[in-house]
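One structure is given here, and the rest of the page talks about it.
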Amino acid sequence: MQDLQERSRCIGIFTASLDDAYQSTVWHAIEREARARNFSTISFLGSRLGSPIASEASSNLAYHLASERNIDGLIIISSSLATYFSSRDMKEFFTRWASLPRVSVGMRVPGMSDVTVEGTKAISELVEHLIDEHGRRSFAMIGGPASHDEAVSRKRAVVETLESRGLSLDERLLVSGTFTQDSGMRAVDALVATGLPFDAVVCLNDRMAQGALEELG
C-alpha cells in the first residue's frame with residue numbers, strides 16, 4: 001500500500017533541456033514546490049517537438065515513457081518544447097495524456113491549464129524605450145519560427161508599436177531564428193550581410209539575444 005501511495009503522488013515534468021537559465025530555474029522551482037507538498041517527480045528530458053534535427057527527434061522518445069502507470073499529473077514546460085509546434089500541434093500531441101491533469105508552462109494550449117506571462121505588452125514597452133530614451137529609428141529583428149504562436153504575437157507587437165510611432169520594420173532586416181543561442185549568432189551575421197544600416201536589434205527570446213550579443217561583441 002505504501003508503494004501505491006508514493007506512486008499516486010508523483011508528478012511528471014516534460015522539458016526539452018536544462019542547459020539555459022530559464023528552463024533550469026523553472027524546473028528547480030517545480031522540484032522544490034513538489035517536495036514541499038510531499039509529491040515526488042519524474043522528469044522526462046527530451047528535446048523540441050517537431051525538430052528537423054535527427055538527434056533531437058530521437059531523444060523525444062523519452063516523453064513516451066510517461067503514462068498513468070508512473071505519473072498522476074503532468075507539467076509541460078511548453079515554452080521549451082514548442083519551438084516548431086503551434087498550440088494546435090501541442091494539443092494534438094498531448095491528447096495521449098488527456099486522462100491526466102496537465103499544466104502547460106509558458107504557452108496556452110487548448111484543453112490544458114496554463115501558467116503564462118503576457119509578453120506582448122513588455123516587448124512593446126521595450127521598443128518604446130529604445131525609441132524614446134535612446135533615439136533608435138532603424139530596427140532589425142531576430143524572430144522565431146513562423147509556426148510558434150508566441151513568436152508570432154511578439155513580432156506583431158513590435159511591428160504595431162513601430163507603426164504607432166511612424167516607423168516601420170524593413171522585412172530585409174527580419175531574420176528568423178530557432179530560439180537557440182547559435183541561431184541568434186547566425187541571425188546577426190545574416191543581418192550584417194544585408195549591408196543595410198540598423199541601430200537596434202530586437203530579439204524575441206533571451207537565448208537568441210545572448211547569441212546576438214556575443215556575435216556583435
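The values are calculated or read from the model by the stated rules, or taken from the named source; none is laboratory data. If you're wondering where the values come from, they're calculated on a predicted model, not measured in any experiment. Using ideal geometry, Cβ is built from the backbone for each residue, glycine included, and neighbour counts are taken over all protein chains shown. Calculation scope for accessible area: heavy atoms of the full protein, side chains included, ligands and nucleic acids excluded. Shrake-Rupley method; radii C 1.70, N 1.55, O 1.52, S 1.80 Å.
For the chain, the spread of Cα positions along the three principal axes, ordered from largest to smallest, is 68, 34, 30 Å. For the stretch 72-115, the solvent-accessible area works out to 44 Å² per residue, with a probe of 1.4 Å and every protein chain left in place. If you take all other residues with their beta carbon under 11 Å from the beta carbon of ALA21, and give Lys and Arg +1 and Asp and Glu -1, the sum is -2. Working from Cα pairs under 8 Å separated by at least six residues, relative contact order for the stretch 69-217 is 22 percent. Within the assembled protein chains, the solvent-accessible surface assigned to PHE179 is about 30 Å², based on a 1.4 Å probe.
Under 5 Å from the amide H of THR116 lie the amide H atoms of GLY106, each residue being 5 or more positions distant or on a separate chain, with H modelled from the backbone and absent for Pro and chain starts. Eigenvalues of the alpha-carbon gyration tensor of the stretch 69-176, scaled by 5 and square-rooted, set the equivalent ellipsoid semi-axes at 35, 14, 9 angstrom, largest first. Note that the stretch 115-126 has calculated 3J(HN,Hα) couplings of 10, 9, 10, 6, x, 5, 5, 5, 6, 5, 5, 4 Hz, one per residue in order, obtained from phi through the Karplus relation 6.51 cos²θ - 1.76 cosθ + 1.60 (θ = phi - 60°); glycine and proline are x. Since only LEU191, LEU204, THR116 are under comparison, the one whose Cα sits farthest along the positive direction of the charge dipole of the chain, derived from C-beta charges on Lys, Arg, Asp and Glu, is THR116. Rolling a 1.4 Å probe across the protein heavy atoms gives the stretch 148-217 an accessible surface of 52 Å² per residue. In the elastic network of the chain, a GNM with C-alpha springs shorter than 10 Å, the most mobile of ARG108, ARG37, ARG137 is ARG37. Taking Cα atoms only, the orientation of helix 149-164 departs from the longest principal axis of the chain by about 30 degrees.
The accessible surface of the chain, taken with every protein chain in place and a 1.4 Å probe, is 52 percent carbon and sulfur. Computed over neighbours whose Cβ is under 14 Å from that of TYR84, the net charge equals -3, Lys and Arg +1, Asp and Glu -1.
Taking the empirical scaling 2.2 N^0.38 Å for compact globular proteins as reference, the stretch 117-217 has a Cα radius of gyration ratio of 0.98. Other residues within the sphere of radius under 10 Å centred on the Cβ of GLY119, judged by their own Cβ, net out at 0 (K and R +1, D and E -1). Taking θ as phi - 60° and the Karplus parameters 6.51, -1.76 and 1.60, the scalar couplings of the stretch 186-191 work out to 5, 5, 4, 4, 5, 5 Hz in sequence order, x denoting glycine and proline. Note on the stretch 75-146 and the stretch 37-68: Cα centroid distance 19 Å, given to the nearest whole angstrom.
For the chain, adding -39500 (n - 2.57) for each run of n ≥ 4 DSSP H residues and dividing by the number of residues yields -13000 deg cm²/dmol at 222 nm. Between amide H atoms placed 1.01 Å from N, distances below 5 Å from ALA200 occur with SER138, ALA140, all of them 5 or more places distant or on a separate chain.
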